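The structure appears right after this line, and notes come after that.
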Amino acid sequence: FIRVVYGTRVSLGVGFFASLIVLVIGITMGSIAGYCGGKVDMFIMRLVDIFYCIPSMPILIIIGSMLDALRLEPYVRLMWLMAVLGFLGWASIARLVRGQILSLRDQDFMVATEATGLPVRRRIFRHLIPNVMPQLIVQMSLSLGSMILYEATLSYLNMGIKAPYTAWGSMINIITTNQDILQNYPNVWVPAGVCIVIAVLGFNFV
């Protein structure tokens, strides 16, 4: 029970912080692309296409193996894992923000901000981004579920969270090394799997 409780802190923490990184990079890149247009927009959108083509799970497995080889401290490894998850997932947010800003930047209120001489940064983050927030909240909740699943998968493969930290995926990992627990002690690993399902479904329903 205590491992499930502490694993909840780690799994949800990884999901929230990775999603926050996704949000920051995605909003920044999407805002610049949508507002500036032209070659800047083309460059960022080609970058988005490249990130869409990257197979996330194989890359994460490779990075997990690299972190194993480097023998990093568990806390440093945890930070790297969150950073990589966030860095690989920003493309969909950037595309969403760009599309919304393209439809908003020619509206009357944006013409008024330009006429009053507000700086570009204030126009984007004070007037455009708040109008995109409903869509961003939806995307953020979906992203949280995805990040939890990625972390659980990596930890299950023993390439994610390492001791002394524990996570839901690393609790399920025990069945890969101990068949007796798989067959005779479901109370050791089933609750962690149930928590993963409930958390991901919960964020998707939100």
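The values are calculated or read from the model by the stated rules, or taken from the named source; none is laboratory data. Not measured: the values here are computed from a predicted model. Please note: Cβ atoms are built from the backbone with ideal geometry, for glycine as well, and neighbour counts cover all protein chains shown. For the accessible areas, the whole protein counts, side chains as well, though only heavy atoms, and no ligand, DNA or RNA atoms are used. Shrake-Rupley method; radii C 1.70, N 1.55, O 1.52, S 1.80 Å.
Quick look at the numbers
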quantity: 1.4 Å probe accessible area per residue over the chain, in Å²; calculated: 55 Å²
quantity: Alpha carbon centroid spacing (whole Å) that separates region 85-125 from region 187-206; calculated: 35 Å
quantity: For the chain, size of Cβ-based charge dipole, Lys and Arg +1, Asp and Glu -1, in debye; calculated: 400 debye
quantity: For Phe16, solvent-accessible area (1.4 Å; no DNA, RNA or ligand), Å²; calculated: 100 Å²
quantity: Sequence of Lys162, Lys39 from largest to smallest accessible area, 1.4 Å probe; calculated: Lys39, Lys162
quantity: Charge-dipole axis of region 1-121 as Lys and Arg at +1 and Asp and Glu at -1 on Cβ define it, positive-most pick from Thr8, Val111, Met82; calculated: Thr8
quantity: Largest to smallest principal axis extent of the C-alpha atoms in region 1-126, angstrom; calculated: 58, 31, 20
quantity: Accessible area, probe 1.4 Å, largest first, for residues Cys36, Cys195; calculated: Cys36, Cys195
quantity: Exposure rank, largest accessible area first [Arg3, Arg95; 1.4 Å]; calculated: Arg3, Arg95
